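As structure tokens, the structure follows; a few thoughts come after it.
The values are calculated or read from the model by the stated rules, or taken from the named source; none is laboratory data. All figures in this text were calculated on a predicted structure; none of them were measured in a lab. Because the Cβ atoms are built from the backbone with ideal geometry, glycine has one as well, and the counts that use them run over all protein chains shown. All accessible areas refer to the heavy atoms of the entire protein, side chains included, with ligands and DNA or RNA removed. Shrake-Rupley method; radii C 1.70, N 1.55, O 1.52, S 1.80 Å.
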Amino acid sequence: MVKSGKLRSGTSQKIKRWKKGHSSDSNPETSRYRKAARSRYFSRPLEKSDLTVDALKLHNELQAGSLQKSSDAMQAGDVMEDQALTEKTSGTFLSGLSDCSNLTFRKVQRYWESNSAAHKEICAVLAAVTEVIRSQGGMETETEYFAALMTTLEAVDSSESLAAVAYLLNLVMKRLPAAVLKKKFSDTAKAFMDVMTNQVNSDYSSCLRWIISCLATLLRKQDLSVWSYPSTLQLYHGLLSFTVHSKPKVRKAAQQGVCSVLRYSDFVFSDNAPVYHPAAAATAKFCCKELEQSGGSKEDTTTLHVIGLLKDLLSAFPLSSVKSCCETLLRLMTLSHVLVTANAMQAFHKLFSSKPSPASMSAELNAQIITALYDYVPSENDLQPLLAWLAVMEKAHVHLSSLQSSLSISHLPRLFSVTMSCLLSPHTQVVSTATQTLKTLLNECVAPHMAEISPVLPSTSAGNGACILKMFRIVEEGLSYRFHASWPFVLQILGCFYRAAGRQAHPIMIKSLQSLGDLRATPQFPFSGELDLAVGGAVESMGPEVVLKAVPLLITGTDDDLEFPRSWLIPVIRDHVKNTQLAYFTSYFFPLANNLKQTGLYQSQIHTLVYIAIWTMLPGFCTKPTDLLASFKGIARSLGMALNDRPDLRLCICQALRTLINKSCDTEEEKAELKRFSKNFLPILFNVYNQQPKPGEMVSARMAVLDTIRVYLSITEQEMVCTFLQKASERLNSADNSEFTRLAVIDLIVAMAPFVDEASMTQTFSLLKPFVASKVASIQKKAYRVIEEICGGESASCKAFVLQNLEELKTMLIDSLTTAASSSKRPRLKCLIHIVKQLNEEHRGFITALLPEVILCTKEMSIGARKNAYSLLVEIGNAFVRFCGNTKDAINEYLGHVYIGLTGSVTMITCAVLALTRLVFHYKDTIDVSSLELLLQNVCLLLSSRTRDIVKASLGFLKVLLFSLDVKVLASHITVIMEGIINMNDMRRHFRSKLKSIYTKMIRKFGVELVKSMLPADQHKVLVNIRKTEARNKRRKLVSKTEEDGSDTEDETPKVKGESIEDILAETDSDSDEDEKPRKGQKKPVRKGQAWLKEGISDEPLNFLDPKAAQRVLATNPNLKKASKAEHGFKVTSDGRLIIKEEDDEDDDNTKDAEMDDILEEAGVKTKKNPKRKMRDELDDDMDVEPTMKYKGRFKSSISPCSFKS
């Protein structure tokens, strides 16, 4: 071989080298093979061809050998024969198929060109039957086809023809009226049974398959009374016997037929439907008989076939039949045959998952099955069977809970004991599945019924309370050292138990909480996160008072250990407390906070930090408190004083007040209680907002105060709000106000304006009208904000004010157009949006006068202003539609007004194109074709402009147009678009990315050949680059998808719990012995149904009479060594879960999202983010910013920084 990177000697003269400077050319200049192929296939012949359409049809029919020649033509000479061939080219053997009018056979017509011999036979039979029906003057109905096909079924003899007729009958009978099948039941059934009898030993199984399907359809359509005849049951038994047929297709058709008869017969859905099908008991007896006859032999696959049938039918059997079938399945499981056991487990899982009615599954039978399944507990080393057993037991207990909750709870302790022992398994998947099973049982079997159980005490010895006590003791044992490897999972179960039963059973949980407190105090305890979540569950259900009695906070505010060992409880309570007593915060935490405050003033700053941390718990206590009416008045005064005196507490106090109003006022009494204190809180909040922040104070606290003012105003009496507004107006008119005070007062007026009456709004409008013309931009902007809130309010007062003062508002907005500052554009445009919605046809001149300003605002610096400008453009369009009534005429008139902007200055032209882009995107379905063509021509002319902004806006218009319009509409304008792009001057180099995006969209819509033919040769390189980029992206997606599909193995990551039992048992059959290594180049043989026997411990002989001997039979090789885990590159939590950070650009979805965002940004629907701000946000996300209140001393190890986040 020749070494890589070198050429053989003598080749330097033979090869063709690139010219200097042309090594980057992407395509060769010569392409003789392509030219030869193109000349051969894509060029018309020079001389006249003899190939005509009629000659081609004649050739096809001759090749098929199906041209029907008349007897006269056969007897005539060559001349007559040729004449007959040319005259009768339309009458083929498939005429009855191609023009068959019955939709039942559309599947046959769709694949009429199939090369399958069976399908050709079906087409021939259908064509013949159709011709017969037409010759007799039939209408080609389903009944006529049924009669003709039944006659044909008795006439044909070959298996292929019988299969074709049976297939067509199967299609027809599904659409045939039920009355026909009921009337012809006996004759049809006899014909089917005769065919089945003759074909039972045939090697051609298709006939049997379709006849069985027809028979099932026939039985499904019969009335309930027909099933009382012995002949019907005999016919059904004939169908049932094929469910264990040796041929898979026949067996599958029979099993599907039996299921459809038992579950979906017509009378099952009638008003007087029986509880179960009359043939259900006979079916169950047949299945049990087959299982008993074949169950003794491990090689007999009939057992597996019958179990497969039982999976779908068990829930449709009567109670006695379900019991006998389950007993038979349990007896089969004693054989310790891996496949039989796995399939039986699947049958049980499907039985309980289908949630059968009490007529099929009583609570007593459910409990008996649960008890029996404990004899078949797999070994903890047998991975897949153990997972399957856990899944079955979970479903069984959940279903039992729906039937009889008390019986379900009485069976749970035993399952908890077995499942907790699974946490000792070396397999992470077993531990994870066992944990999930216990959590599901607690959430679905225990939590919904805890209200019916009396309080559970340590001395409870009877009833469901005793069962809850046993279950908790079993889970509590998981805190012992032998479970230390599974402590994160045990802590999850404990937290779930606390949430489910903590309210009624907290007396028995005190000891476990104390144990958790001791574990948390252990140096470098690895599972502190899971432990905090578990204690948080206790706080949610029991309340902080019970938790703190078990695990005291150990903080008094006087002689405290500065390490504060229990300070971890503060963030836990803060994050989980809700639905508790507000009085406890008043009685315990409030005095404690005051003590810490006094100590912090004179001794240590660390006490001040704890003081603030305690106050952060207040919003949680204010989340749906149980004693709001009795306790709020006791803390209201203290909250008001803290708002005034403690700037560092304002965030949490304001959040608490908002939480009380938004989430906790469920009754009118509670709302009235909070409303009663509005005269106290609102003045305090007003004064706090008017205070200028001191250096070092957080500005966000003022915004929180303003939000709280708005929320509190929503429940305050209107008269009181009017009084506050009057005082604010007087304060605004005061001469000695600073600019900060005036701005703050206007902010308060903005908050109060929507909640006052119409008279107060009128006074406020008159007061602020001069400020609209102010030369101070901040004052002007605030004045517009007041008008915006009044015009956009939903209250009756706001709507009445707008209607009453509409003319004055219009005059004010028109007069202030020239004095409006750039920063005021956003609220000004918002005012106009609210006003335009109220206008009628009389105000058409006002809207027309506004239009130039709105168009120019599409290029404002403010993102909010641009967004409002685009929204106002759409609202003006809606107003024109209201004026005209006819949408197309209205949009044409509106576009005519916008077209005027294309004759203005450079800025006006750019803004007009942006406005047209937004309007085309919004009204794409209503714009007239002629208007669209005129618009497109004008925009394409602008592409030749030498102004970069105009060209950029025009290209954005084309991108939106290509995205919005249908291909058929675009096809007529593609030439105009391409000519406009070709005529671009040297501006092309500035917009290479946009042009590439446009070319890409055009190629996707029209194909690369059309686009290439319209572009000059010097631009073809762009198309080549697009093709390569698309191919590269496609390959990357394919590779990434392949890697995702094949990256995860059983040993690398624990699998999630499957939805179905089939997922859980999927790998039971595929485990193979490690010692059987294949030779090189040979595939490793897979032996299904293998089992391994686990020997006794320390050479102890295995006792086969031991009841637990079945656990020694394993479906997983016990000697198989676990492969080393692959390195994923991800961080892992203490309980084994991967920590995967989300990437900004996911391959497939994010590419589509980016394209869509690009189109929406061009259309003005979505605002473009400032690149500097985007970069700053990314930097903020990447940097770990230390919180401002983090203490740097010894206290840092005890209280996490997140404890003081507000």
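Tally time: how many residues in the stretch 834-855 are assigned to a helix (DSSP H, G or I), open to solvent by less than 10 Å² (accessible area, probe 1.4 Å) and under 17 Å from Tyr894 (Cα atoms)?
Pass one, the stretch 834-855, residues assigned to a helix (DSSP H, G or I): 834-836, 841-855.
When the remaining residues are screened for being open to solvent by less than 10 Å² (accessible area, probe 1.4 Å), the result is 835-836, 847, 850-851, 854-855.
Subset that is under 17 Å from Tyr894 (Cα atoms): 836, 847, 850-851, 854-855.
Count: 6.
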(message) Scan the stretch 686-696 and tell me whether some residue there is open to solvent by 30 Å² or more (accessible area, probe 1.4 Å), free of Cβ contacts under 8 Å to residues at least 24 places away in the same chain and part of a helix (DSSP H, G or I).
(response) no
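Quick check on Ser265: is it out of contact with any Ser or Thr (no Cβ under 8 Å at 6 or more places or on another chain), surrounded by 17 or more Cβ atoms within 10 Å (Cβ to Cβ), polar (S, T, N, Q) and over 22 Å from Lys289 (Cα atoms)?
Numbers: out of contact with any Ser or Thr (no Cβ under 8 Å at 6 or more places or on another chain): yes; surrounded by 17 or more Cβ atoms within 10 Å (Cβ to Cβ): yes; polar (S, T, N, Q): yes; over 22 Å from Lys289 (Cα atoms): yes.
Against the criterion (out of contact with any Ser or Thr (no Cβ under 8 Å at 6 or more places or on another chain), surrounded by 17 or more Cβ atoms within 10 Å (Cβ to Cβ), polar (S, T, N, Q) and over 22 Å from Lys289 (Cα atoms)), Ser265 qualifies.
Do we find a residue being surrounded by fewer than 20 Cβ atoms within 10 Å (Cβ to Cβ), more than 23 Å from Thr667 (Cα to Cα) and of a type in the set (Asp, Glu) anywhere in the stretch 571-582? First the steps, then the outcome.
Step one: list which residues in the stretch 571-582 are surrounded by fewer than 20 Cβ atoms within 10 Å (Cβ to Cβ), which gives 575, 578-579, 581.
From what is left, the residues that are more than 23 Å from Thr667 (Cα to Cα) are 575.
From the residues that got through so far, the ones that are of a type in the set (Asp, Glu) too are 575.
There is at least one residue in the stretch 571-582 that is surrounded by fewer than 20 Cβ atoms within 10 Å (Cβ to Cβ), more than 23 Å from Thr667 (Cα to Cα) and of a type in the set (Asp, Glu).
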(request) Could you grab me the full set of residues in the stretch 271-290 that are over 40 Å from the mean Cα position of the chain (by Cα) and of a type in the set (D, E, K, R)? (result) Lys285, Lys289, Glu290
(message) List pairs: first residue in the stretch 266-279 and closer than 18 Å to Leu181 by Cα and outside any loop (DSSP other than H, G, I, E, B), second residue modelled with pLDDT of 85 or more and not aliphatic (A, V, I, L, M) anywhere in the structure, Cβ distance under 7 angstrom, at least six positions apart or on different chains.
(response) Asp266/Arg220; Asp266/Lys221; Phe267/Asp223; Val268/His277
(request) Output the residues belonging to the stretch 1001-1018 that are open to solvent by less than 20 Å² (accessible area, probe 1.4 Å) and part of a helix (DSSP H, G or I). (result) Met1002, Val1011
(request) Identify the residue in the stretch 717-756 that is at pLDDT below 90 and among the charged types (D, E, K, R) and, among all such residues, is most open to solvent (accessible area, probe 1.4 Å). (result) Asp736
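Which residue, of Lys323, Lys350, is surrounded by fewer than 24 Cβ atoms within 10 Å (Cβ to Cβ), over 17 Å from Lys289 (Cα atoms), modelled with pLDDT of 90 or more and of a type in the set (D, E, K, R)? First the steps, then the outcome.
Numbers: Lys323 fails: over 17 Å from Lys289 (Cα atoms).
The unique qualifying residue is Lys350.
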(message) Restricting to the stretch 356-375, name every residue that is touching a helix residue (DSSP H, G or I) at 6+ places or on another chain (Cβ under 6 Å) and open to solvent by 50 Å² or more (accessible area, probe 1.4 Å).
(response) none
(request) Hand me the list of helices (runs of 4 or more DSSP H) wholly inside the stretch 329-440 holding 3 or more residues that are over 26 Å from Thr302 (Cα atoms) and among the small types (Gly, Ala, Ser). (result) 383-403, 405-422
(request) Test Ser631 against the stated conditions and say whether it is in contact (Cβ under 8 Å) with a residue 24 or more places away in the chain, touching a helix residue (DSSP H, G or I) at 6+ places or on another chain (Cβ under 8 Å) and surrounded by fewer than 18 Cβ atoms within 10 Å (Cβ to Cβ). (result) no
(request) Residue by residue through the stretch 634-668, note down the ones that are open to solvent by 10 Å² or more (accessible area, probe 1.4 Å) and of a type in the set (Val, Ile, Thr). (result) Thr659, Ile661, Thr667
(request) Please state which of the following conditions Leu609 fails to meet, knowing it meets all the rest: (1) under 25 Å from Asn579 (Cβ atoms); (2) touching a residue at least 40 places away in the same chain (Cβ under 8 Å); (3) surrounded by 19 or more Cβ atoms within 10 Å (Cβ to Cβ). (result) (1)
(request) Restrict the check to the stretch 279-287 and report whether at least one residue is surrounded by fewer than 16 Cβ atoms within 10 Å (Cβ to Cβ) and more than 15 Å from Leu240 (Cα to Cα). (result) no
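For the condition open to solvent by 20 Å² or more (accessible area, probe 1.4 Å), within 19 Å of Ser541 (Cβ to Cβ) and at pLDDT 90 or above, what is the one hit in Arg414, Arg473, Arg482? It would help to see each step written out before you state the result.
Details: Arg414 fails: within 19 Å of Ser541 (Cβ to Cβ); Arg482 fails: within 19 Å of Ser541 (Cβ to Cβ).
From the options Arg414, Arg473, Arg482, the qualifying one is Arg473.
Within the stretch 129-222, considering only helices (runs of 4 or more DSSP H) that don't extend past its boundaries, which have at least 2 residues that are open to solvent by less than 60 Å² (accessible area, probe 1.4 Å) and over 26 Å from Gln234 (Cβ atoms)?
Values: elements: 142-155, 159-175, 178-183, 185-199, 206-220.
Result: 142-155, 159-175.
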(request) For the stretch 488-497, indicate whether the set of residues that are free of Cβ contacts under 8 Å to residues at least 60 places away in the same chain, open to solvent by 40 Å² or more (accessible area, probe 1.4 Å), of a type outside the set (Phe, Trp, Tyr) and assigned to a helix (DSSP H, G or I) is non-empty. (result) no
(message) If I ask for residues that are in contact (Cβ under 8 Å) with a residue 40 or more places away in the chain and hydroxyl-bearing (Ser, Thr, Tyr), which ones from the stretch 739-762 would you list?
(response) Thr741, Thr762
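So is Ser515 closer than 24 Å to Leu387 by Cβ, surrounded by fewer than 21 Cβ atoms within 10 Å (Cβ to Cβ) and not charged (D, E, K, R) or not?
On the way: closer than 24 Å to Leu387 by Cβ: no; surrounded by fewer than 21 Cβ atoms within 10 Å (Cβ to Cβ): yes; not charged (D, E, K, R): yes.
Judged against the criteria, Ser515 is not a match.
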(request) Return the total of residues in the stretch 441-455 being among the aliphatic types (A, V, I, L, M) and surrounded by fewer than 16 Cβ atoms within 10 Å (Cβ to Cβ). (result) 1
(request) Return yes or no: is Val776 open to solvent by less than 10 Å² (accessible area, probe 1.4 Å), in contact with a helix residue (DSSP H, G or I) (Cβ under 9 Å, 6 or more places away or on another chain) and of a type in the set (Val, Ile, Thr)? (result) no
(message) Looking at the structure I just gave you, is Asn680 in contact with a helix residue (DSSP H, G or I) (Cβ under 7 Å, 6 or more places away or on another chain), in contact (Cβ under 8 Å) with a residue 24 or more places away in the chain, polar (S, T, N, Q) and surrounded by 15 or more Cβ atoms within 10 Å (Cβ to Cβ)?
(response) no
(message) So Thr708 ticks every box in (1) among the hydroxyl-bearing types (Ser, Thr, Tyr); (2) open to solvent by 10 Å² or more (accessible area, probe 1.4 Å); (3) in contact with a helix residue (DSSP H, G or I) (Cβ under 6 Å, 6 or more places away or on another chain); (4) assigned to a helix (DSSP H, G or I) but one. Which box is left unticked?
(response) (2)
(request) Quick one: count up the residues across the stretch 871-899 that are in contact with a Cys (Cβ under 9 Å, 6 or more places away or on another chain) and open to solvent by 10 Å² or more (accessible area, probe 1.4 Å). (result) 1
